[in-house]
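Novice: First the structure, then my questions, so here it is.
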Amino acid sequence: MNKPSIATAILLGAAIAAAGARPMRAWAHAFPSGEEPKVGSTVAAAPTQVMITFDNPIEALFAKLQVTDDTGNDVTAGAPVRSDNKLELSVALKPLKPGDYHVKWSVVAEDGHRTEGSYLFTLAGSP
């Protein structure tokens, strides 16, 4: 049986060490860093849009943002729009009545990882 030469063993060891020393790519999922209206807030005036700011750039093609009332009716007034800086996603709203509103979002970060979530806000007043 042939034994590996010392040169082969050194090359193999160097290759393993080099592979282990490569910097790992940072996986930058996009998570909300701010919302308007804010999570769980009660607002006095009806917002005309919902905007979420993310901590990492998002892809426009895969961005989803929907707002529904407490009976499940969609109250968005168009498609979501990503800002030029790629960190904000907003959607215009139809005129809102007092009540609870459910915001549901889904985005893909530029690194290809999807994140999603939801939250509630309330428009004050008598329904």
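Here's the yes/no breakdown for (1) more than 17 Å from residue 117 (Cα to Cα); (2) modelled with pLDDT of 95 or more; (3) charged (D, E, K, R):
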residue	(1), (2), (3)
32	no, yes, no
51	no, yes, no
65	no, yes, no
69	no, yes, yes
81	yes, yes, no
87	no, yes, no
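Novice: Right, another one. For residues that are within 28 Å of residue 110 (Cα to Cα), touching a Leu at 6+ places or on another chain (Cβ under 9 Å) and either buried (at least 17 other Cβ atoms within 10 Å of the Cβ) or not polar (S, T, N, Q) (or both), tally how many sit in the stretch 50-74.
Specialist: Summing the residues that are within 28 Å of residue 110 (Cα to Cα), touching a Leu at 6+ places or on another chain (Cβ under 9 Å) and either buried (at least 17 other Cβ atoms within 10 Å of the Cβ) or not polar (S, T, N, Q) (or both) in the stretch 50-74 gives 13.
Novice: How many residues are in a loop (DSSP other than H, G, I, E, B) and either farther than 18 Å from residue 95 by Cβ or in contact (Cβ under 8 Å) with a residue 40 or more places away in the chain (or both) when one looks only at the stretch 46-70?
Specialist: Going through the stretch 46-70, the residues in a loop (DSSP other than H, G, I, E, B) turn out to be 46-48, 55-57, 59-63, 70.
Next cut, either farther than 18 Å from residue 95 by Cβ or in contact (Cβ under 8 Å) with a residue 40 or more places away in the chain (or both) only: 46-48, 55-57, 59-63.
Residues in the stretch 46-70 being in a loop (DSSP other than H, G, I, E, B) and either farther than 18 Å from residue 95 by Cβ or in contact (Cβ under 8 Å) with a residue 40 or more places away in the chain (or both): 11 in total.
Novice: Select from the stretch 86-98 the residues that are in contact (Cβ under 8 Å) with a residue 24 or more places away in the chain and assigned to a loop (DSSP other than H, G, I, E, B) and write down the one among them that is surrounded by the fewest Cβ atoms within 10 Å (Cβ to Cβ). Quick ask: steps written out before the conclusion?
Specialist: Restricting attention to the stretch 86-98, the residues satisfying the condition of being in contact (Cβ under 8 Å) with a residue 24 or more places away in the chain are 86-93, 95-98.
From what's left, assigned to a loop (DSSP other than H, G, I, E, B): 86-87, 95-98.
Working: 86: 17, 87: 17, 95: 8, 96: 17, 97: 14, 98: 12.
Looking at the filtered set, the residue picked out is 95.
Novice: Could you grab me the full set of residues in the stretch 100-114 that are surrounded by 15 or more Cβ atoms within 10 Å (Cβ to Cβ) and farther than 13 Å from residue 52 by Cα?
Specialist: 101, 102, 108, 109
Novice: Output the residues belonging to the stretch 71-85 that are among the β-branched types (Val, Ile, Thr) and part of a strand (DSSP E or B). Outline the logic, then answer.
Specialist: In the first step, residues of the stretch 71-85 are kept if they are among the β-branched types (Val, Ile, Thr); the result is 71, 75-76, 81.
Matches in the stretch 71-85: 76, 81.
Novice: Given the conditions (1) of a type outside the set (Lys, Arg); (2) under 11 Å from the mean Cα position of the chain (by Cα); (3) at positive phi, which single one is not true for residue 40?
Specialist: All conditions are met except number (2).
Novice: Something else about it: For the stretch 53-68, does any single residue satisfy the condition of being touching a Ser or Thr at 6+ places or on another chain (Cβ under 6 Å), among the hydroxyl-bearing types (Ser, Thr, Tyr) and closer than 15 Å to residue 31 by Cα?
Specialist: If we filter the stretch 53-68 for residues that are touching a Ser or Thr at 6+ places or on another chain (Cβ under 6 Å), which is where we start, we get 53, 55, 64, 66-67.
Filter once more, so that each one left must be among the hydroxyl-bearing types (Ser, Thr, Tyr): 53.
Filter once more, so that each one left must be closer than 15 Å to residue 31 by Cα: 53.
Yes, some residue in the stretch 53-68 is touching a Ser or Thr at 6+ places or on another chain (Cβ under 6 Å), among the hydroxyl-bearing types (Ser, Thr, Tyr) and closer than 15 Å to residue 31 by Cα.
Novice: Hey, could you check the stretch 99-127 for residues that are assigned to a strand (DSSP E or B) and hydrophobic (A, V, I, L, M, F, W, C) and say which is farthest from the chain's Cα centre (by Cα)?
Specialist: Going residue by residue through the stretch 99-127, those that are assigned to a strand (DSSP E or B) are 99-109, 114-123.
Applying the additional criterion that residues be hydrophobic (A, V, I, L, M, F, W, C) yields 103, 105, 107-109, 120-121, 123.
Values: 103: 13, 105: 7, 107: 4, 108: 6, 109: 7, 120: 17, 121: 18, 123: 24 Å.
The qualifying residue farthest from the chain's Cα centre (by Cα) is 123.
The values are calculated or read from the model by the stated rules, or taken from the named source; none is laboratory data. All values derive from a computational prediction rather than experimental measurement. Cβ atoms come from the backbone with ideal geometry, glycine included; neighbour counts cover every protein chain shown.
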